[in-house]
1. Find how much the distance from ALA3 to GLU100 grows on full extension, using 0.36 nm per residue of separation minus their present alpha carbon separation; answer in nm with one decimal.
2. Testing the spin-label approximation: label points 7 Å from Cα along Cα→Cβ at ARG45 and ARG60. State their distance in nm.
3. Roughly how many whole Å is it from the C-alpha centroid of the range 8-35 to that of the range 61-102?
4. Would you indicate which of (1) 21, 14, 12; (2) 32, 15, 11; (3) 22, 16, 11 is the value of semi-axes √(5λ) of the Cα gyration tensor in Å derived from the coordinates of this structure?
5. Which one, ILE71, ILE29, ILE58, has the greatest fluctuation when you compute a Gaussian network model over the chain with C-alpha springs under 10 angstrom?
6. Roughly how big is the chain's charge dipole about its Cα centre, with Cβ charges of +1 (Lys, Arg) and -1 (Asp, Glu), in debye to the nearest 20?
7. With a 10 Å radius around each residue's Cβ, average the other Cβ atoms per peptide and rank 7-17, 80-90, highest first.
8. Using r as the Cβ-Cβ distance of ARG17 and ASP76, and R0 as 30 Å, what FRET efficiency do you calculate, to the nearest 0.05?
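Just so it is clear, none of the values below were taken in a lab; they were calculated from the coordinates. Everything quoted here is computed from the prediction, not taken from an experiment. Note: ideal-geometry Cβ built from the backbone for every residue, glycine included; neighbour counts use all protein chains shown.
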Amino acid sequence: MAAKIKKGDKVVITAGRDKGAEGEVLRVIPSENRVVVSGVNIIKRHTRPSQTTGGGIISREAPLHISNVAIADPKDGKPTRVGFEVRDGSKVRIAKRSGEVL
């Protein structure tokens, strides 16, 4: 099955602590139905010093469930659903809201 959300997509958070926030998908984890979005769902990780790192408190993005994000429409940036169409002999993703190719 084709992926509705891919790395590099602009998405809007639809539920949770960061609802309404926008960001770019950094990583998709299909086996767990999760995505990592830049600047969203920031957690603090206390790390012990090692030979390569100095340790301390590190902030990083934690994965979100894929159902809590929606693709941002290319025209107005509002959340939209994703559909598929065959255009010029190739299958493309389209925004249901505006019909634009993603």
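1. In short, 33.2 nm is gained.
2. 0.2 nm
3. 13 Å
4. (2)
5. Greatest mean-square fluctuation among the candidates belongs to ILE58.
6. Computed about the Cα centre, the dipole is about 220 debye.
7. Per-residue mean Cβ counts within 10 Å order the peptides as 7-17, 80-90.
8. 0.80
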